[in-house]
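Here's the structure we're looking at; comments come further down.
Read-outs: derived from the displayed coordinates by stated rules, not from any lab. Computed from a predicted model, the values in this text were never measured in an experiment. Glycine also receives a Cβ, built like all others from the backbone with ideal geometry; neighbour counts cover every protein chain displayed.
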Amino acid sequence: MIVGTGTGCVCGGLLAGGPVAGMDVAALDAEIAVLARVDAMVVARRSLVVAELLRQRSDAGERLRGSGGMSSREAKRASRTAEGLEKLPRAREALGKGEISPGQAEQLASRANDPDRAKDVRAHHEEELVERARHRSTDEFGRGLRRQDLEASPDEGNSACSEAAAVS
């Protein structure tokens, strides 16, 4: 892995374009882990920028599509995530440190943006959810949140199961 020493670099000084040919699997796994942390830091920084654009009443989606090269769908997702993370400072901090994945941050932000599920973030305390995310994969964390939703529903998810079976 090639690491630079530039100051203020959001990517921790990682230099793209370093050779990977001949690296063993352990080294490649380590590279993937570093890249995942860099990705998380980039998403956290972008969410701060998007939140500021929204505060300034600028069209964040248009700027993400233009300057950011995102599709409309990606820009909408980034804007929604930024809005949710504004309500979740611990999640944004953990994302910025690469402690949780962008997918986990998106799942938490989605909850914060949904009035019916936002109370769950408050009731289960943001820090507890962030801590759970730190120790689970993105898929495991998402499954846990969905299971929690079902258990919290008045009929423990039975109507959702019944509706799904009726559609099949």
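The slack between ALA26 and ARG45, meaning 0.36 nm per residue of separation minus the straight C-alpha distance, is 4.0 nm. Here the simple spin-label model places points 7 Å from the Cα toward Cβ, and for SER153 and GLU74 these points are separated by 3.4 nm.
The Kirkwood radius of region 25-118, taken over pairs of alpha-carbon atoms, gives through the Stokes-Einstein law at 25 °C and 0.890 mPa s a diffusion coefficient of 180 µm² s⁻¹.
Beyond 14 Å, how much of the Cα-Cα pair distribution for region 22-62 remains, as a whole percent? So the portion of pairs separated by more than 14 Å is 62 percent.
Dimensions of region 98-154 along the principal axes, based on C-alpha atoms and rounded to the nearest Å, stand at 34, 18, 16, largest first.
Multiplying the residue separation of ARG63 and LEU35 by 0.36 nm and removing their Cα-Cα distance gives an extension gain of 7.6 nm.
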